[in-house]
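Trainee: One structure, pasted below without further comment.
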Amino acid sequence: MATNMTHIITTRTADRRSLIRCGALAAAALIALIPLAPARPAQTVVVTLSLTRFSKLGSLDAGQYAGVSPGRVVVHVGDALVFTNADTRHHTATGIGEQAAFPENPRWTDSALQSSGKIGPDPWSTGDLAPGARSAPMVATKTGTFLYGCFYDYSAGMRGEIVVQP
Ligand SMILES: [Cu+2]
């Protein structure tokens, strides 16, 4: 009798153990199916450039700005920004990098007049945008707060800020 009882208990314990293992596997499988962040389609945000239309000075933590609307945009990694020139003169949106304030002189070269790079801490620019032109989609690649300005009108305050969140 005693041997039989032991046998039954052992069997039950083994069953429970395999059930627990099974449950743990199922839970692991479920967790694997849940993405780390909720699925969110990439957005394209439009920023309008015009010193004529947006001549009024605005204020950012980084300093004053004009000629850009909105002056501060918040996007997520993977989103794109398109800059449209709604003015009668040429403009660019050219990255200054990750700085707390607009520098006196961003020290750009003529390479700012070519479309290059992606929005982030490394150099990027829409290139020269003629009146009515629309930039290529500039994709945000890294989190951070990135300042930019217009190659031609930086000293006139044509500047903006892009906040990239995860
Ligand atoms: Cu400009």
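Trainee: Mind checking the full-extension length gain between VAL74 and SER155? Use 0.36 nm per residue of separation minus the Cα-Cα distance, one decimal, nm.
Mentor: Extra length available between VAL74 and SER155 comes to 26.7 nm.
Trainee: Kirkwood hydrodynamic radius (Cα pairs, Å) of the stretch 44-165?
Mentor: 13.7 Å is the Kirkwood radius here.
We did not get these values from a lab; they are worked out from the coordinates using the rules stated. A quick note: this is a predicted structure, and the numbers were derived from the prediction, not measured.
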